[in-house]
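Inspection log for the structure reproduced underneath, given as structure tokens.
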Amino acid sequence: MSAHRPPSVFLDLLARDAAAIEYDGPVVAARVAGAGAEELAELEAAKRVALEVRATLARSRRREAELVALFETAGDLAALRDLDAVLKAIVTRAHTLIGADVTYLTLDDPDRGDTYMRVTHGSVSARFQSLRLPMGAGLGGLVAQTAKPYVTSDYPRDSRFRHTNEIDEGVGEEGLTAILGVPLVLGSRVIGVLFAANRSARPFARHEITLLSSLAAHAAVAIDNARLLQATRDALSELRSANELVRAHSESVERAAAVHDKLADLVLRGGDVEGIAAAVAEAVGGGLVVVDAEGVVTAVAGETSGFDAAGAGRRAGSGAAAAGRAGAGAGTGTGTSAGAGADAAIDVIAGVVRSGPLSTAASATGLIATSAATGHAVRSGDLVVAAVAAAAEPLGALILRAPESFSDVDQRILERAALVVALHLLMRRSEAEAAERLGGDLLDDLLAVPVRHTSTLAERARRVGVDLDRPHIVVAADAAPADRPRAHFAAGRLAKSEGGLAGSHEGRIVLLLPGDDPAPAAQRVLAALRGGLAHPVTVGAGGPKSDVAAYADAHAEAVRCLGALHALGRAGCAAAPSDLGFLALVLGGGDPGTVVRKALGPLVDYDAKRGTDLLGTVEQYFACGRSLGRTGEALHIHVNTVTQRLDRTARLLGPDWQEPGRSLEIQLALQVRRVMGL
């Protein structure tokens, strides 16, 4: 064999990256061929050199592969933006590079002062995947505490670190034996630990520790970058949210201010509650009801499908009485309850909302009282209530059936509207009080006996909107002293609505109303005054009169009617002279023809239309002492005919026509008719 052959053989093996066992081939072949000791020694020396070169080349290739893998890992981690994706990529790449059975990563928990299993790869134990490691406990705790890599080839028996039952049981359930842990270091702080573990007692080589440490260094930076990026995203999101809030708040302030300006302009231009309600309903949506302190609906606006506009102005039945008592003095400063008309109001609302009552989960009285106490609107279900008040005096409430889109801005608009309504009512009250003073003085002069300054009365009346050239009725009412403030207020409101006057005269409430029929006028006044009073109010009417000098006479008629009602035990009723029958004649205030007509009119009309004589039959029936037989003999008719005629009379006059009081009135009317030839 030549001197150059042995090296060339091993160079060939190195060139084709032969397995280590193949390097024994040339030595064995030479020994079989009978080579000498010197040649065999030379071959052995060449083989050793070749194997060393082979090992060096293998390490270089492995290092190159590891560097390439680290470079690729750094690139992959840099491209990731989500923290979960970064952590998963770290343990997956560690599993690939180290070739371990299981790789996993723990992170510090500053709030709890320990570390916890964040992500695993190759793990099969749920218990292991949910482990938490106290600081200093287990291999991972030691790595986190010392910021140095640690490796063990037999974890269960390694006494260098503190064992705990929870950790040992988790590791045992996973079946791990050899474990390598390296710190994730960021600056001077350990933020976690990266692990590679095997289920056999395979020791980890130095280069594997170095490789995993290099990967951990890249991973720590990637984790920090992902956290910073997430923090930046969160900050940007918060900034966007804050910007949206600021913009929304600015828009809401501008919207609320615009609505408030519109409402204020309505009031300054002389608008009414209906106009204010319409503006609010347009701004916030839904349906709106405005009630005053007496529980009377004064305005309805908004969704017409939910409200019956004809319901506005109606009282809430018997509930209005309680509402009025609680809010007595709404126009005179004597009100005492913030929720005066609430129960009445809710009854009215239930009546005017065709789709059914609004939310009744809470009492409207309680809602209004709460709103008045807090100064803010309150909500229960779809019902939003804003009290209308001036200082401690209740003036009413705005009751809104809110749409689904109702917001805090809409609530502020409703609250501002309540303030505007209060301002409007106070302004109108001041005007009404001034007009009431003027009207009261004028009424005193019109009813004075004798009437003075007749030449100026008509002009004074025109100044307060009263046309004395039209026929007018005088209505007088008796009210208990405790009820007079509220009754006066109601009388003034009615008089204003009808173009008349109201005031006090001779200790009574007196109204001068345009019209030519005192009977319905008396009933209207009774209906307007008795709501909310604690005691009955009695009303009498006189007139009509169109002469300034004759109003005192109409007042006297009204007072006589009052006296007659009290004498008859009919307190709490209303009447005009025509309602009193023959008493009107006795009192000197009635017309005979009217009295007769009221008592006998249906019989007169029936006889005239059919040519019968029911009047003669009734007159003869009373003349015969109500004897059917004698009446038949006197009229020369059968008793059955008398019975039939009296049955017809009962249908025309009513079944009570033979009762003592009614029969007396009928008999007197028959006599007046006969005497006066009516």
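Read-outs: derived from the displayed coordinates by stated rules, not from any lab. Remember, it's a predicted structure, so these values are computed and weren't measured experimentally. So basically every Cβ, Gly included, is an ideal-geometry build from the backbone, and we count neighbours across all protein chains shown.
Sort 174-180, 257-263, 617-623 by packing, meaning the average of other beta carbons within 10 Å per residue, with the highest value first. Show your work: numbers first, answer last.
Working: 174-180: 21.7, 257-263: 16.6, 617-623: 19.1.
Highest-to-lowest ranking by the protection proxy: 174-180, 617-623, 257-263.
Multiply the residue gap between L664 and V32 by 0.36 nm, knock off their C-alpha separation, and tell me the result in nm, one decimal place.
Working: separation 632, 0.36 × 632 = 227.52 nm, distance 16.47 nm.
Fully extending the segment from L664 to V32 adds 211.0 nm.
For M117, M135, which order do you get if you count the other beta carbons within 10 Å of each Cβ and list the fewest first?
By the 10 Å Cβ count, ascending: M135, M117.
Grab the Cα-Cα distance for D261 and Q129, subtract it from 0.36 nm times how many residues apart they are, and report the gain in nm with one decimal.
Length gained, D261 through Q129: 41.1 nm.
Would you list which lysines come within 29 Å of K496, measuring only between C-alpha atoms, while excluding same-chain residues fewer than 8 positions from it?
Correct list for K496: K262, K545.
Once both labels are modelled 7 Å past Cα along the beta-carbon direction, what's the E244-L11 spacing in nm?
Distance between label points: 7.5 nm.
Show me, for segment 238-247, the HN-Hα J-couplings you get by feeding each phi into the Karplus relation (A = 6.51, B = -1.76, C = 1.60, θ = phi - 60°), rounded to Hz, glycine and proline as x.
Karplus-based 3J(HN,Hα) across segment 238-247 equals 5, 5, 4, 4, 5, 5, 4, 5, 4, 5 Hz.
Can you sort I167, I276, I368, I209 so the residue with the fewest Cβ neighbours within 10 Å comes first?
Working: I167 22, I276 25, I368 32, I209 18.
Arranged by neighbour count, lowest to highest, I167, I276, I368, I209 become I209, I167, I276, I368.
Evaluate the distance, in nm, between pseudo-label points positioned 7 Å from the Cα of D82 and of L236 along their respective Cα→Cβ axes.
1.7
Describe numerically, in nm with one decimal, the distance between label points set 7 Å from Cα along Cα→Cβ at D24 and at D517.
Reported label-point gap for D24 and D517 is 13.6 nm.
Using θ = phi - 60° and the Karplus form 6.51 cos²θ - 1.76 cosθ + 1.60, what ³J(HN,Hα) does each residue of segment 467-481 get, whole Hz, x for Gly and Pro?
These are the phi-based 3J(HN,Hα) values: 9, 6, 6, 8, x, 10, 10, 9, 10, 10, 9, 9, 10, 4, x Hz.
With Kirkwood's inverse mean 1/r over C-alpha pairs for Rh, give me the Rg to Rh ratio of segment 592-676, two decimals please.
0.94
In Å and whole numbers, how far do the C-alpha atoms of segment 80-231 stretch along each principal axis, longest first?
42, 32, 28
Go ahead and run the numbers for FRET between R610 and A534, Cβ-Cβ distance against an R0 of 56 Å, rounding to 0.05.
Numbers: r = 52 Å, r/R0 = 0.93.
Efficiency, from the Cβ-Cβ distance: 0.60.
What residues of segment 606-627 lie in the reach of a label at H638, counting those whose backbone N is under 15 Å from a point 7 Å from the Cα along Cα→Cβ?
none
Using all Cα-Cα distances in segment 448-586, what percent lands in each 5 angstrom bin from 0 up to the longest?
Calculated over all Cα pairs of segment 448-586, the distribution is 2, 11, 22, 24, 20, 12, 7, 2, 0 percent.
For segment 458-518, which GluC sites (Glu not before Pro) are in a loop by DSSP, counting at most 15 other Cβ atoms within 10 Å? Spell out each step's value before the answer.
Working: sites: E459, E498, E506; in loops: E506.
Here the GluC sites (Glu not before Pro) that fit, given the DSSP loop and packing criteria, are E506.
Order by neighbour count: Y150, Y104, fewest other Cβ atoms within 10 Å first, most last.
Working: Y150 19, Y104 29.
Neighbour counts put them in this order, fewest first: Y150, Y104.
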